[in-house]
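Structure record follows, encoded as C-alpha cells.
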Ligand SMILES: Cc1cc2nc3c(=O)[nH]c(=O)nc-3n(C[C@H](O)[C@H](O)[C@H](O)COP(=O)(O)O)c2cc1C
C-alpha cells in the first residue's frame, strides 16, 4: 500500500488514542484492581454491577494477569481470562476490561499484546508487580523492577506492536526489595511510551502488609502521564488521604472493594455528602448479589462454593452480618443449602 492510499492512518489512530486518554482522565478515575483468583470475570461482573447501581461505575477494570512464557497464546486462553472480549470487552453493565500481560521477553510480550488487541482488548496493561515466586523466578512480575532496562524494552515493544489507538499502561510497585531503584524505574517508564502508570505503594518485600507508602507515589508525578495510586484503601477516608499524600486524583481499589463493594461510591460521595447514606450498600441488598455469585458460572460447584467462602470471609471485615452467616455455613459444602441460608437471612 502506498502512502497516498492511507496517508493518515497511524496519525489518525494516534489522535484517537490521545482523545481517548483525554476522555479517560478528564475526571478522577476509579479502577477495580486486577486480583488473580479474586476479581475473576464473575466477581468483576458482580462488583461492576453494584458500582453502576450505586451511580458510580468503575471507569475500567484490568484482567487477572495472563502469563506469557513461550509463544503467542491461543485465542481461547484470552477468552478464558477475559470472556468480556466476546462483548466488546465490557462487563454487562458496560465497564471496560483491559487485558493484563506478565512476562519478560519483550518480543513475545509484544506479539501477545498485538493478538490481544486483535481480539478486542481496549488497552494493554503490563504487570511489574506480581510477587509470586514462580513468576519472579522466571523473570516476570515485580522482579523486573530491578531491571528497569528490561521494563523499558517490554513497554516500548508492546507500544510499537499494538495499533496506535490502543493505550498501553504499566502497573508497578515501589521496588523489588527496597525503593532504591525508584528513579531508574521512573526513567524507564518516562521513555517507554506508556500512557499511564498504576503504582501499588509498596515494594515486593512489603507484600500486602499495611501500611502502604502513598507519599512515595509523589516521586512519579513528574512523569508526563497520569499516575494512579493503589494500595491499602479500605475506607473513603483512606482513599482521600491516599490521593492527598500521593498527589494524584486517580485511584485503583483492591481488596477494599471486595470487603465493601460500595467503597467506590462512598469515595466520591463523601466529598459532597459526608453522611454518605444514599451510597451505601446494605447487607440486605448485598445478599442478592451473593446469590447471583453462587448462581454464576464456574468449573464446578465445589470451586464456586470455595470462591464464595473466600468472598464471605473478606466480607466479614466490611459487614458484621457476614460473620453470623460465616459461622452458620463455614462447613457447608452444598451450594443449594448456602443459597437457602442467604435467602432466609433476607427474611429476618
Ligand atoms: C489475591 C491477589 C491477587 C492479585 N493479582 C494481581 C494481578 O493479577 N495483577 C496485578 O497487577 N496485581 C494483582 N494483585 C495486586 C492488586 O492489584 C493490588 O495492587 C494490591 O492488592 C494492592 O491493593 P489493595 O491493598 O487495595 O488490595 C493481586 C492482589 C491480590 C491480593
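A few points about this structure:
- Normalised contact order of the range 204-348, rounded percent, pairs of Cα under 8 Å and 6 or more residues apart: 17 percent
- Tail beyond 23 Å, pair distance distribution of the range 1-143 (Cα, percent): 42 percent
- In the chain, the DSSP-assigned H stretches of four residues or longer account for a calculated mean residue ellipticity at 222 nm of -13500 deg cm²/dmol, using -39500 (n - 2.57) per stretch and the full residue count as denominator.
- Pair-distance profile P(r), taking every C-alpha pair of the range 283-346, with 5 angstrom steps and integer %: 4, 18, 34, 30, 11, 2, 0
- Long-range Cα-Cα pairs in the range 11-277 (distance over 31 Å), rounded percent: 18 percent
- Relative contact order (%) - criterion: Cα under 8 Å, at least six apart; region: the chain: 14 percent
- For the range 283-346, the relative contact order works out to 37 percent when only alpha carbon pairs closer than 8 Å and six or more residues apart are counted.
Since every read-out is calculated from the coordinates, none of them should be taken as a lab result. Keep in mind that what you see is a predicted model, and the values were worked out from it rather than measured.
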